[in-house]
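*Asks:* Sending over a structure as structure tokens; questions will come in a sec.
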Amino acid sequence: MPDQPLWRPAFLADVADIARLSKAHLGPYAEGDAIFAERIRLAPEGCFVLARGPAIVGYFCSHPWMRKKPPALHEMLGEIPAASDCWYVHDVAVDADARGGGVVANICARALDVARSKGFRTAMLIAVSGADSYWKKLGFIDATTEALRLKLKDYGDDAVYMERALSGD
Ligand SMILES: CC(C)(COP(=O)(O)OP(=O)(O)OC[C@H]1O[C@@H](n2cnc3c(N)ncnc32)[C@H](O)[C@@H]1OP(=O)(O)O)[C@@H](O)C(=O)NCCC(=O)NCCS
């Protein structure tokens with residue numbers, strides 16, 4: 001029986017596996033090694049990989065950012081802005097045979113606990129390819145504005161900017 005996969009913090013050594021999974025599961029919205037390496041460097045407390053023994057079968061990447069100002073696809077951040085007022089769930093993907101059983105809900109809750117512990121009161125994300133219905137189940141709601149709709153065009157016509165309040169749960 002294969003090992004039960006477990007989430008652990010992501011390290012720079014995991015970047016090639018993360019980029020491989022991004023390419024496999026996010027198609028045109030996949031990002032490359034440099035993007036993930038930067039996120040891990042800037043916010044190691046928000047980045048995790050799902051490890052089954054030595055194999056990486058999923059990743060979850062999040063970091064502080066500015067509400068309603070999601071970074072563009074492939075955009076390097078440089079630094080976490082001092083004005084960050086939101087926890088950004090940047091990206092997640094899990095191999096099909098490791099999905100289910102709340103595996104992503106669990107790591108999302110863990111990351112949002114980190115956010116709360118740092119004083120953040122809102123989380124945000126961009127849902128692509130119809131995944132907004134999935135994120136709705138995790139408590140996120142559509143908060144797309146007209147201005148954001150234009151900004152999100154690189155993420156596809158069906159991209160949805162979503163937010164979730166962190167206080168009070
Ligand atoms: C999104 C993802 C991480 C979810 O993994 P998971 O939490 O283990 O998901 P599950 O397989 O347990 O699915 C949970 C439920 O959400 C639904 N769901 C999963 N992915 C979905 C999606 N992209 N859009 C709509 N519904 C989705 C499932 O059908 C399932 O519904 P059910 O409870 O009614 O059966 C995984 O599907 C994945 O890696 N997808 C490819 C990458 C991706 O789309 N990332 C998110 C981009 S915003």
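*Asks:* Considering each residue of the stretch 77-102, count those that are within 10 Å of the ligand (Cβ to nearest atom) and either over 14 Å from the mean Cα position of the chain (by Cα) or without any contact (Cβ under 8 Å) to a residue 24 or more places away in the chain (or both), and give that number. Steps first, please.
*Replies:* Step one: list which residues in the stretch 77-102 are within 10 Å of the ligand (Cβ to nearest atom), which gives 89-96, 98-102.
Right, trim to either over 14 Å from the mean Cα position of the chain (by Cα) or without any contact (Cβ under 8 Å) to a residue 24 or more places away in the chain (or both) and you get 95-96, 98-102.
Count: 7.
*Asks:* Conditions: (1) part of a helix (DSSP H, G or I); (2) within 23 Å of R110 (Cα to Cα). I56 meets all but one. Number of the miss?
*Replies:* (1)
*Asks:* Here's another thing I want to ask about it. Considering each residue of the stretch 134-158, count those that are within 14 Å of the ligand (Cβ to nearest atom), outside any helix (DSSP H, G or I) and within 14 Å of M124 (Cα to Cα), and give that number.
*Replies:* 5
*Asks:* May I ask you to list the residues in the stretch 21-31 that are surrounded by 12 or more Cβ atoms within 10 Å (Cβ to Cβ), of a type outside the set (S, T, Y) and either farther than 22 Å from G130 by Cα or in contact (Cβ under 8 Å) with a residue 60 or more places away in the chain (or both)?
*Replies:* Here is the first cut: in the stretch 21-31, the ones surrounded by 12 or more Cβ atoms within 10 Å (Cβ to Cβ) are 21-26, 29-31.
Filter once more, so that each one left must be of a type outside the set (S, T, Y): 21, 23-26, 30-31.
Across the stretch 21-31, the qualifying residues are L21, A24, H25, L26, E31.
*Asks:* Can I ask one more? Which count do you get for residues in the stretch 105-124 that are crowded, with 19+ Cβ neighbours inside 10 Å, assigned to a helix (DSSP H, G or I) and in contact with a Leu (Cβ under 8 Å, 6 or more places away or on another chain)?
*Replies:* Applying the first criterion (crowded, with 19+ Cβ neighbours inside 10 Å) to the stretch 105-124 yields 107-108, 111-112, 115, 120, 123-124.
Among the residues that remain, those that are also assigned to a helix (DSSP H, G or I) are: 107-108, 111-112, 115.
Checking which are in contact with a Leu (Cβ under 8 Å, 6 or more places away or on another chain) leaves us with 107-108, 112, 115.
Total satisfying the criteria: 4.
*Asks:* Being in a helix (DSSP H, G or I), modelled with pLDDT of 95 or more and under 22 Å from D17 (Cα atoms): is that true of C61 here?
*Replies:* On the way: in a helix (DSSP H, G or I): no; modelled with pLDDT of 95 or more: yes; under 22 Å from D17 (Cα atoms): yes.
So C61 does not fit the description; no.
The values are calculated or read from the model by the stated rules, or taken from the named source; none is laboratory data. What you see is a predicted model; the values in this text were computed from it and never measured. FYI the Cβ positions are ideal-geometry reconstructions off the backbone, even for glycines, and counts take in every protein chain you see.
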